[in-house]
Amino acid sequence: MKKTRKILSLILGLLIIAAAAAGCGKKEELPAGPAEPAAVEMPEAPPAEPAAPVESEKPAEPEQTPAEEKGVLLMATTTSTDDTGLLDYLKPIFLADTGWDLQWDAVGTGEALKMGENGDVAVVLVHAKASEEEFIAGGYGVERFPVMYNDFIVAGPAQPIAHTDNIEAVFSRIIKEQLPFVSRGDDSGTDKKEKQIWKKLALDPAQDPEYVESGQGMGATLTMADEMKAYCLTDRGTYLKMKKDATVPLELEIVCEGDANLLNQYGVIAVNPDKYPDINNVGANDFIDWICSEKVQQLIGEFGVEEYGQALFVPNAGTDS
């Protein structure tokens, strides 16, 4: 009986141990924590402004180093190259390119050539081909180089002479009707051209009591003609310059243009250093090479276009004009 109790006690003890082991292996359920807050949907940001395009900087063109200054170059020239502003435009470029400081006297072509004959200047820029050839033939100049041209026109009141391209008809009518006419009368290239026309027509302008000579440059002659309501022969460049820029704008109109006889050619000549060894022949040759160069010929062809709607001179270096 005791043996049976021991067995039962043993069985009971094993059951208690098994029950305890089962209780220890069970995990406890933890109470649920507070619910996570719902995600808040943020408003979309406005689209970003597109970044301004960054301009790529162009490499700066290398600045030309001015030439070393060499001194003064003296030139005699006609008034039209001065009155139009062409020489003022070219002077600083010539200095930067060559180092020569160009200084000039603006007079009639006859007087300019006379200054060359006297050795007062090293180079001349004028517009009377026959006189230029005589200058060289006399041993005063070395060689003539064409530079540019424009044309002569007749400016004056729009009546009684209507616009035409016939210069001989205009000059004939001026004498026939004794219309007022102002001449340069200074042996300039313009004066020489005017006298050629009278001579070709076998007319004496002194027959016209209204014919007067100004004895002055082109600008002053145009001003005098404007005041007198008279006609005059002028180069186109000076007329355009004064028509737009004169303190008192010209009222004169172009009444004659386009005649083949009205071409106005400019040439440049170095004074002969054999006759005048002390003149600046190096500077004179530098100027001739420079003004006949492709770069400067282009500058001459562009001069006046923006301001006056047309070039004041047409470059033609390298021709036989």
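Each reported figure results from applying straightforward, stated rules to the coordinates on display, with no laboratory input. Just so it is clear, the structure is predicted and the values come from calculations on it, not from any experiment. In this analysis, Cβ positions are derived from the backbone assuming ideal geometry, glycine residues included, and neighbour counts consider all displayed protein chains.
Worth pointing out:
- Highest-first packing order for the peptide set 180-190, 274-284 is 180-190, 274-284, based on the mean count of other beta carbon atoms within 10 Å.
- Cross-link pairs beyond the 32 Å C-alpha cut-off, checked among Lys200/Lys275; Lys195/Lys295; Lys91/Lys192; Lys200/Lys243: Lys200/Lys275; Lys195/Lys295
- Cα-projected label distance for Thr247 with Val282, points at 7 Å along beta-carbon direction, nm: 4.3
- When peptides 87-100, 137-150 are ranked by their average number of other Cβ atoms within 10 Å per residue, the highest-first order is 137-150, 87-100.
- For Trp100, nonlocal amide neighbours, meaning residues 5 or more places apart or on other chains whose placed amide H falls under 5 Å from its own, are Lys70.
- Distances between every pair of Cα atoms in region 107-207, grouped in 5 Å steps from 0 to the bin holding the largest one, split as 2, 10, 20, 19, 15, 12, 10, 7, 3, 0 percent.
- Here the simple spin-label model places points 7 Å from the Cα toward Cβ, and for Gln298 and Lys229 these points are separated by 4.9 nm.
- For region 224-279, taking Cα atoms only, Rg and Dmax work out to 17.5, 49 Å respectively.
- In the frame of its principal axes, region 243-321 has Cα extents of 49, 27, 26 Å, reported largest first.
- Taking only Cα atoms of region 151-262, radius of gyration then Dmax in Å: 12.5, 38
- Extended-chain gain in nm, criterion 0.36 nm per residue less alpha-carbon gap, Val305 and Glu68: 82.2 nm
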